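Remarks on the structure that follows.
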Amino acid sequence: MNDGTPGAIRHILVLCEGNHCRAPMAEGLLRALLPRDIQVESAGLSALVGLPADPEAQRLMAGAGLDISAHLGRQLTCDMATAADLILVMEESQKTWCGLMCPSALGRIFLLGHWQPPALREIQDPFRRGPEAFRATFEHIRQSVSDWPPHLTPKQRSA
């Protein structure tokens, strides 16, 4: 893990504030890119519990061929964080908040944009900011998600 990446990942937890926009989109995109044996789920630090993903998030994901209409917001618990091999958050403040809530998760919490240039590592919340903000956030999430698979699958070793 000298490059800052976790190893032997089988369970990923994606977090955002309300589990209404960013994390549901990232969860759906990660599920589509990763092998089926890697479990991906999401939750919120201050979740809109029981509510579906934002309609604009659902529309953008449908446009990418992914259906998140069954998503319902869930509140983060320490048990969820403890069960995850990797926790991906959208902002540095969420990294801190998650670590304070569940200290045993420290070292497994990374920004979703971890592999992006420093100015693009945090992913802004589009909630109540209109379709253009959602579009920009969706593209940012899509790019950030696409950076992770090479770091999550075992590397082939030559004999």
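Just to be sure before I move on: is Glu139 acidic (Asp, Glu), touching a residue at least 12 places away in the same chain (Cβ under 8 Å) and out of contact with any helix residue (DSSP H, G or I) (no Cβ under 6 Å at 6 or more places or on another chain) in the structure I sent? No: the conditions fail for Glu139. Is it the case that Gly107 is under 17 Å from Val14 (Cα atoms) and either surrounded by fewer than 12 Cβ atoms within 10 Å (Cβ to Cβ) or in contact (Cβ under 8 Å) with a residue 12 or more places away in the chain (or both)? So Gly107 passes the test. Residue-level analysis places Leu120 outside the set of residues that are over 17 Å from Glu27 (Cβ atoms), free of Cβ contacts under 8 Å to residues at least 12 places away in the same chain and not aromatic (Phe, Trp, Tyr).
Kindly provide the set of residues from the stretch 143-152 that are among the small types (Gly, Ala, Ser) and surrounded by fewer than 16 Cβ atoms within 10 Å (Cβ to Cβ), ordered by number. Within the stretch 143-152, just Ser146 meets the criteria. Residues that are at pLDDT below 95 and among the basic types (Lys, Arg) were ranked within the stretch 110-142; the one that is surrounded by the most Cβ atoms within 10 Å (Cβ to Cβ) is Arg129.
Tell me, please, whether a residue that is out of contact with any Gly (no Cβ under 7 Å at 6 or more places or on another chain) and under 14 Å from Gly28 (Cβ atoms) can be found in the stretch 89-111. No, the stretch 89-111 contains no residue that is out of contact with any Gly (no Cβ under 7 Å at 6 or more places or on another chain) and under 14 Å from Gly28 (Cβ atoms).
The values are calculated or read from the model by the stated rules, or taken from the named source; none is laboratory data. This one's a predicted model, so the numbers in the text were calculated from it and none came from an experiment. Neighbour counts run over all protein chains shown; Cβ positions are idealised from the backbone, glycine included.
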